[in-house]
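The values are calculated or read from the model by the stated rules, or taken from the named source; none is laboratory data. These numbers come from a predicted model, not from an experiment. Backbone-built Cβ (ideal geometry, glycine too); neighbour counts: all protein chains shown.
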Amino acid sequence: FVIIQAASLEGQRANLVTDYVIKILGLEVCADTMVGDEMRRGISGGQKKRVTTGEMLVGPARALFMDEISTGLDSSTTYQIVNSIRQSIHILQGTAVISLLQPAPETFNLFDDIILLSDGKIVYEGPRENVLEFFEYMGFKCPERKGVADFLQEVTSKKDQEQYWEKKDEPYNFVTVKEFSEAFQSFHVGLKLGDELDVPFDKAKSHPAALTTKKYGVSKKELLNALISREYLLMKRNSFFYIFKLTQLILTAIITMTVFLRTKMPKKTIEDGTIFMSALFFSVLMIMFNGFAELVMTILKLPTFYKQRDLLFFPAWAYSLPTWILKIPITFIEVSIWVFTTYYVIGFDPHVGRLFKMYLLMLCINQMASALFRLMGSLGRNMIVANTFGSFALLAVIVLGGFILSRDDIKKWWIWGYWFSPMMYVQNAIAVNEFLGDSWRHVPADSTESLGVIIMKSRGLFPEAYWYWLGVGVSIGYIFLFNSLFTLALAYLKPFGKPQAVLSEEILAERNACKTGEIELSSRGKIPVETGDDVQRSVLSTSMSSRLGSISEVSKNRKRGMVLPFEPLSITFDDIKYAVDMPQEMKAQGIPEDRLELLKGVSGAFRPGILTALMGVSGAGKTTLMDVLAGRKTGGYIEGRIMISGYPKKQETFARVAGYCEQTDIHSPHVTVYESLQFSAWLRLPPDVDSASKKIFVDEVMELVELTPLREALVGLPGVDGLSTEQRKRLTIAVELIANPSIIFMDEPTSGLDARAAAIVMRTVRNTVDTGRTVVCTIHQPSIDIFDSFDELFLLKRGGEEIYVGPLGRQSSHLIKYFEGINRVSKITDGYNPATWMLEVTSAAQEAALGVNFTEVYKNSELYRRNKDLIKELNTPPPDLKDLYFPTQYSQSFFTQCTSCLWKQHLSYWRNPPYSAVRFLFTTFIALLFGTIFWDLGSKRGKQQDIFNAMGSMYCAVLFIGSQNAGSVQPVVAIERTVFYRERAAGMYSALPYAFGQVVIELPYVFIQTLTYGVIVYAMIGFEWTVAKFLWYLFFMYFTLLYFTFYGMMTVAVTPNHNIASIVSSAFYIIWNLFSGFIIPKTRIPVWWRWFYYISPVSWTLYGLVASQFGDIQDKLDTGETVEEFSKEFL
């Protein structure tokens, strides 16, 4: 009834559907929480996955294609989601195709049909009930206590197939995927499917309204309204960014006013006019560059835009209009602040009409610049490309704008650029507005024209009054042009790059063999005389079939492999509480507490040689507890005590004996698998281990985690290129194992993997435990197989309270006995996964229905008392064990840390052409651009303007190539920084060696860049060819580019991410620009600001370049002074 009622009121219906889907997906808990990103605390990984699913479910779509929707979710949540999708599909006659990685048996049983794919062929497609019948017809049987889904994934694999062979009286031969696929055609399900497909579809059966005729779900007006309200919401949430920009603008305005203060600004000579011209140019630059942040914002929002555009949420114009229109009020505020504060203080023409004309022009400039930067962002589509091309376009626009190089000096092959540059019209309009005013009307003694006109003509500007309105008109034209192009770019361009996985040599060989049907079996028949490597290989293939249970044969082989001894350690924790400050959203809902408790006094012990599973529903605090124990939590409030084998835990020493495998697999993208492990071994193994042992140890670990075939593969960026998720997981485990730790924490080692990959990873984990280490894993959806491989369970319920801590028993018997012993808890059915059952019976809904508090039940149980006794026992150290002690904080010397970091940075830079090559190309392009624009100006010394032009070329090069270097290094440093945080937390090195590596590796690259630029520009501009002058030129350029690059690195280090870094760093470029000595000469800077000229790095660069080129030249200028005198006076 409610639905019918709501359906009659359109808006409420949408709300009802949204609320319903939120409830199904179990997202009510975080319905009002921001999603968050790597730097903003938001919802958990599992909840993000559910938001993605929900986004599709709320729409009107009747055909759903869902890829791996269960990654990062616990099995009971996955069951609920799939069940609700199934209900809606059955009732509403929809279609859903869902790919799942490790479906639990009960989830698998919800499906009507199964499609089994292997090596690109369909092995089976038809009813779920018949799938086992088909494989039995082929001679393979699914054993008891084996999930059907897991069986299906393994039965087509060469390594795992043999164990399921049922016809023991017949010899087993490997059945290829091709043979399965052909046999399916003659199986009764396959025949039926073939018959159905042979009959053409009868269109009379379907209703004409079944297919939609509209492209978008709602009308254009509603689309626009929805997007306007979303854009407005995002702007409100991003208020920090706009406040930062306004503050930056106000500060710059104050500095500008006090530099160009009217009491120091007479209006008597042409030179005075030049200073006013500089003030106008700087104002235009300031208002233009304030739009630069649009570039960053546009790129940040593009991935979401592309996803929603391709799913036909809305057309491109409905997205681009709000982004443009909602920024207009901000433009009004920004321009008002700038124009109304600076106009009279600087002493521009006092006529109020001219003030408002300047205001109008500035509005147009700001809008035009914002549109230009949005266009750059949508064309570039990622930060490095957009920054490079954005800088290039800007450079051309500004250099050809008529201030840096006057119109009379622009070469005929570039004059078209002058007429196309929006900057030229703006520059001319703003000059006409100022210099035709009353205060510039007086006519100098030996002239017929007013001073204002003379000044404009000396700079090659047009002195006619109509140029003001022409400038306004052209700016408005450009606003519409850039915004239209922005919309077109959004509509037609696709995002860069598609995800791809690396196939190991083994898998490739297996696939090729499957195609040809020639299969050589290493695991059966006569095994030829083998080399050591082959023995390992064949052991590996048989161990695959023994699955997780018996690893005895491999273990024997590998126990010897752990060449380095280690001390087995236990970890106990008693009454651990963890709280964070209450989020603002929750306070707004009337929650009075100041702190939000995430862990409420949990206790337990993890011992050597025992594999413990840390479980609970999404958001129960599994990762939080692990972070607290591992010492990875930097914020929040921690109470309680943690002991390591009876001694209090100290983070400095603990980091040396513990490993932590994070859920997100963070590795340097440009090194190979082997190099990643080598780097970890260099820095984490004790200094007394010689390099030969380290090498053997690295090989052993690679063999243990089955990474040997991927030895030379590049790691790559997750989801973009390089290793697949499962390979990345194994690398994460290997990197930690290399440290030879006694205690290892693993956060969701199997999430995002299919059943086979999960089995490989879990076998790795089991092998690790069998070497006598203490291992704890958080886990979401273990299959029966995987759950059976754990020894103990630590179960948390939502809210961070423990409800079961103890042994699992054979086939989880202890766990089942404990929960079935609680009053009114439903019994487990045969073949059901104990892990799923346990999460279902302890869910919050069940607690409420049974009226039981599982925490209280546990606190009053025998099990709880046993655990407390165990903690007490482990808290007294064994007599022969000393407290952890290391003579130094890091295992390697400072020198080794520096060389290791430099070695890794060298590889990362050498294999990163998008960064290194783009930088050289950009430099070469700019050098050629400058060379052709400022062709042969270095040798001209007749007029003051010639010297200004030569200085202009230096000024532009320094600011543009410098800021480009700073901008392009930021994303590179930002990616490496996440790796740095992980490696520093693991105690591999301190911050200084890392910074050393990052800084030193830039030296040769910047040197080659300087040489490329210097030779081209020096020759084309025609500076004086003496060895000393050329070397001085290179010297100043080299150190300038270096300090800009290091400045870029520094801004990333002090800000949360490279997007904010690029906004923060631009604030300083503006001030450096103002005090560079080009816009206003040192002699004209008021005394109270002159100190800043001395600390501005750019001013020293310009001073050095000008002094080395012109400081000794005696040629006379048109004003009668020599070049040397003019340079001294100007500088």
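Run down 810, 798 and say which single residue is touching a residue at least 40 places away in the same chain (Cβ under 8 Å), surrounded by fewer than 18 Cβ atoms within 10 Å (Cβ to Cβ), more than 30 Å from residue 739 (Cα to Cα) and among the charged types (D, E, K, R).
On the way: 810 fails: touching a residue at least 40 places away in the same chain (Cβ under 8 Å).
The conditions single out 798.
Where in the range 11-123 are there helices (runs of 4 or more DSSP H), lying fully within it, with 3 or more residues that are farther than 28 Å from residue 778 by Cβ and without any contact (Cβ under 8 Å) to a residue 40 or more places away in the chain?
Numbers: elements: 45-57, 75-92, 105-108.
By residue number, 75-92.
On the basis of being outside the structural domain of residue 159 (by TED's automatic domain parsing), surrounded by fewer than 21 Cβ atoms within 10 Å (Cβ to Cβ) and out of contact with any Pro (no Cβ under 7 Å at 6 or more places or on another chain), does residue 712 make the cut?
Yes: the conditions hold for residue 712.
Before we move on, is residue 673 at pLDDT 90 or above and in contact with a His (Cβ under 8 Å, 6 or more places away or on another chain)?
Details: at pLDDT 90 or above: yes; in contact with a His (Cβ under 8 Å, 6 or more places away or on another chain): no.
In short, no.
In the range 998-1032, what residues are under 12 Å from residue 938 (Cβ atoms) and of a type outside the set (Asp, Glu)? Break it down stepwise before answering.
The first filter runs over the range 998-1032 and keeps only residues under 12 Å from residue 938 (Cβ atoms), leaving 1017-1025, 1029-1030.
1017, 1018, 1019, 1020, 1021, 1022, 1023, 1025, 1029, 1030 - these are the residues of the range 998-1032 that are under 12 Å from residue 938 (Cβ atoms) and of a type outside the set (Asp, Glu).
Considering the range 428-472 alone, what residues qualify as being among the polar types (S, T, N, Q) and modelled with pLDDT of 95 or more?
We begin by selecting, within the range 428-472, every residue among the polar types (S, T, N, Q); these are 428, 433, 439, 447-448, 450, 458.
Once the filter is applied, which keeps residues that are among the polar types (S, T, N, Q) and modelled with pLDDT of 95 or more, the range 428-472 yields 428, 433.
Results for (1) of a type in the set (A, V, I, L, M); (2) without any contact (Cβ under 8 Å) to a residue 40 or more places away in the chain, shown as yes or no for each residue.
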| position | (1), (2) |
| --- | --- |
| 639 | no, no |
| 657 | yes, no |
| 663 | no, no |
| 670 | no, no |
| 684 | no, no |
| 687 | no, no |
| 690 | no, yes |
| 695 | no, yes |
| 699 | no, yes |
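Criterion first (on the phi > 0 side of the Ramachandran plot and under 40 Å from the mean Cα position of the chain (by Cα)) does residue 800 satisfy it? It would help to see each step written out before you state the result.
On the way: on the phi > 0 side of the Ramachandran plot: yes; under 40 Å from the mean Cα position of the chain (by Cα): yes.
For residue 800, the condition - on the phi > 0 side of the Ramachandran plot and under 40 Å from the mean Cα position of the chain (by Cα) - is met.
If we scan the range 591-609, do we find a residue that is within 26 Å of residue 25 (Cα to Cα) and of a type in the set (Gly, Ala, Ser)?
No, the range 591-609 contains no residue that is within 26 Å of residue 25 (Cα to Cα) and of a type in the set (Gly, Ala, Ser).
Can you tell me which residues in the range 865-885 are in a helix (DSSP H, G or I) and out of contact with any strand residue (DSSP E or B) (no Cβ under 8 Å at 6 or more places or on another chain)? Before you say what the answer is, go through the steps one by one.
If we filter the range 865-885 for residues that are in a helix (DSSP H, G or I), which is where we start, we get 865-874.
Scanning the range 865-885 gives 865, 869, 872, 873.
If we scan the range 454-471, do we find a residue that is aliphatic (A, V, I, L, M), farther than 16 Å from residue 278 by Cα, in contact (Cβ under 8 Å) with a residue 40 or more places away in the chain and surrounded by fewer than 18 Cβ atoms within 10 Å (Cβ to Cβ)?
yes
Looking only at the range 637-659, which residues are under 12 Å from residue 884 (Cα atoms), in a strand (DSSP E or B) and of a type in the set (Phe, Trp, Tyr)?
If the condition is that a residue be under 12 Å from residue 884 (Cα atoms), in a strand (DSSP E or B) and of a type in the set (Phe, Trp, Tyr), then 647 is the only one that fits.
Can you list the helices (runs of 4 or more DSSP H) found entirely within the range 137-229 that contain at least 2 residues being touching a Gly at 6+ places or on another chain (Cβ under 7 Å), on the phi < 0 side of the Ramachandran plot and among the aliphatic types (A, V, I, L, M)?
Values: elements: 148-155, 177-186, 188-198.
By residue number, 188-198.
Please enumerate the residues belonging to the range 425-472 that are outside any helix (DSSP H, G or I) and either aromatic (Phe, Trp, Tyr) or assigned by TED's automatic domain parsing to the domain that holds residue 945 (or both). Spell out how you get there, then give the answer.
To start, the set of residues in the range 425-472 that are outside any helix (DSSP H, G or I) comprises 436-437, 441-450, 459-466.
Result: 462, 466.
When only residues in the range 813-837 that are assigned to a helix (DSSP H, G or I) and touching a residue at least 60 places away in the same chain (Cβ under 8 Å) count, which is surrounded by the most Cβ atoms within 10 Å (Cβ to Cβ)?
Kept after step one, since they are assigned to a helix (DSSP H, G or I), are these residues of the range 813-837: 813-820, 834-837.
Those left that are additionally touching a residue at least 60 places away in the same chain (Cβ under 8 Å): 835-836.
Details: 835: 29, 836: 24.
By that ranking, first place goes to 835.
So which helices (runs of 4 or more DSSP H) stay within the range 720-795 end to end and still have 3 or more residues that are farther than 25 Å from residue 982 by Cα and touching a residue at least 40 places away in the same chain (Cβ under 8 Å)?
Details: elements: 725-737, 755-769, 784-788.
Hits in the range 720-795: 755-769, 784-788.
So which residues in the range 971-1005 are surrounded by 21 or more Cβ atoms within 10 Å (Cβ to Cβ) and over 25 Å from the mean Cα position of the chain (by Cα)?
Matches in the range 971-1005: none.
Is it the case that some residue within the range 970-988 is in the same structural domain as residue 1049 (by TED's automatic domain parsing), at pLDDT 90 or above, assigned to a loop (DSSP other than H, G, I, E, B) and among the aliphatic types (A, V, I, L, M)?
yes
Just the residues that are closer than 18 Å to residue 968 by Cα, of a type in the set (Phe, Trp, Tyr) and crowded, with 17+ Cβ neighbours inside 10 Å, please, taken from the range 890-914.
909, the sole residue that qualifies.
Going through 83, 109 one at a time, which residue ends up being surrounded by fewer than 16 Cβ atoms within 10 Å (Cβ to Cβ) and within 19 Å of residue 617 (Cβ to Cβ)?
Working: 109 fails: within 19 Å of residue 617 (Cβ to Cβ).
On inspection, the qualifying residue turns out to be 83.
Which condition number in (1) surrounded by fewer than 22 Cβ atoms within 10 Å (Cβ to Cβ); (2) under 35 Å from the mean Cα position of the chain (by Cα); (3) not aromatic (Phe, Trp, Tyr) is the one that residue 372 fails?
Against the list (1) surrounded by fewer than 22 Cβ atoms within 10 Å (Cβ to Cβ); (2) under 35 Å from the mean Cα position of the chain (by Cα); (3) not aromatic (Phe, Trp, Tyr), residue 372 comes up short only on (1).
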